[in-house]
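Asks: Pasting a structure here, questions to come.
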Amino acid sequence: MEIAEETWARLREEALEAVTHAYAPYSGYRVGAAALAEDGHVYTGCNVENASLGVVLCAECGLVSSAVRNDAGRLLAFVCVNGEGDAIAPCGRCRQVLREHGGRGMLLAMPRGIMRMDEVLPESFGPEAMEGHTAGATTETPAPASDARARKDGDKEGHERG
Ligand code: THU
């Protein structure tokens, strides 16, 4: 999928705004993230650190949480910046978090340019691997809305789209 230049510029602006809210008193490393979702909205997040130093919430976690909360659908394009405004690579854990909600075809503005998720996280483990293996899940358990959408669309527009 093509993402227009002005959309990338808007995502960068939103990430730069998000980074101003970062809570990073321990590392001093501020992060802001923004993504365009299928619903046409931009979702953002910033890192939130903790006095218990291992309990860090990366900027991507806030972004994904907000997108899922709002039934945003698949994430299409993503930008992440540090406090200097440089594009940064999402950490390994966040690549996996983004992959779940963006699929293999999600686009990321990496330090060396736009890359697809399947380049950034090759041979990834994703929701399709769990099909038929959700032991303990019942029909009473509401699936995340984004998963429901993926199934409804026969996976062509959902998380499995590569
Ligand atoms: N950080 C993020 O928010 N996202 C990433 O993808 C990389 C790292 C944060 C976590 C921590 O608060 C700070 O950057 C330094 O690692």
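The values are calculated or read from the model by the stated rules, or taken from the named source; none is laboratory data. Because the structure is predicted, anything quoted here is derived from the model rather than measured. Backbone-built Cβ (ideal geometry, glycine too); neighbour counts: all protein chains shown.
Asks: Does Arg69 fit the bill of being more than 12 Å from the chain's Cα centre (by Cα) and surrounded by fewer than 22 Cβ atoms within 10 Å (Cβ to Cβ)? Write out each step before concluding.
Replies: On the way: more than 12 Å from the chain's Cα centre (by Cα): yes; surrounded by fewer than 22 Cβ atoms within 10 Å (Cβ to Cβ): yes.
It is true that Arg69 is more than 12 Å from the chain's Cα centre (by Cα) and surrounded by fewer than 22 Cβ atoms within 10 Å (Cβ to Cβ).
Asks: Okay, moving on. Output yes when any residue across segment 72-91 is within 8 Å of the ligand (Cβ to nearest atom), farther than 23 Å from Met115 by Cα and either out of contact with any Phe, Trp or Tyr (no Cβ under 6 Å at 6 or more places or on another chain) or at pLDDT below 95 (or both), and no when none is.
Replies: Checked against the condition, which is being within 8 Å of the ligand (Cβ to nearest atom), farther than 23 Å from Met115 by Cα and either out of contact with any Phe, Trp or Tyr (no Cβ under 6 Å at 6 or more places or on another chain) or at pLDDT below 95 (or both), segment 72-91 yields no hits at all.
Asks: Any idea which residue in segment 33-52 is surrounded by the most Cβ atoms within 10 Å (Cβ to Cβ), counting only those that are in a loop (DSSP other than H, G, I, E, B) and within 16 Å of the ligand (Cβ to nearest atom)?
Replies: Within segment 33-52, the match that is surrounded by the most Cβ atoms within 10 Å (Cβ to Cβ) is Asn47.
Asks: Would you check if Met110 is under 24 Å from Arg10 (Cβ atoms), in contact with a strand residue (DSSP E or B) (Cβ under 9 Å, 6 or more places away or on another chain) and either away from the ligand (no atom under 12 Å from the Cβ) or not aliphatic (A, V, I, L, M) (or both)? Quick ask: steps written out before the conclusion?
Replies: Numbers: under 24 Å from Arg10 (Cβ atoms): yes; in contact with a strand residue (DSSP E or B) (Cβ under 9 Å, 6 or more places away or on another chain): yes; either away from the ligand (no atom under 12 Å from the Cβ) or not aliphatic (A, V, I, L, M) (or both): no.
Answer is no for this residue.
Asks: Look at segment 26-66 and say how many of its residues are in contact (Cβ under 8 Å) with a residue 60 or more places away in the chain and among the aliphatic types (A, V, I, L, M). Step through it out loud before you land on a result.
Replies: The first filter runs over segment 26-66 and keeps only residues in contact (Cβ under 8 Å) with a residue 60 or more places away in the chain, leaving 35, 38.
If we keep only those that are among the aliphatic types (A, V, I, L, M) too, we end up with 35.
Number of matching residues: 1.
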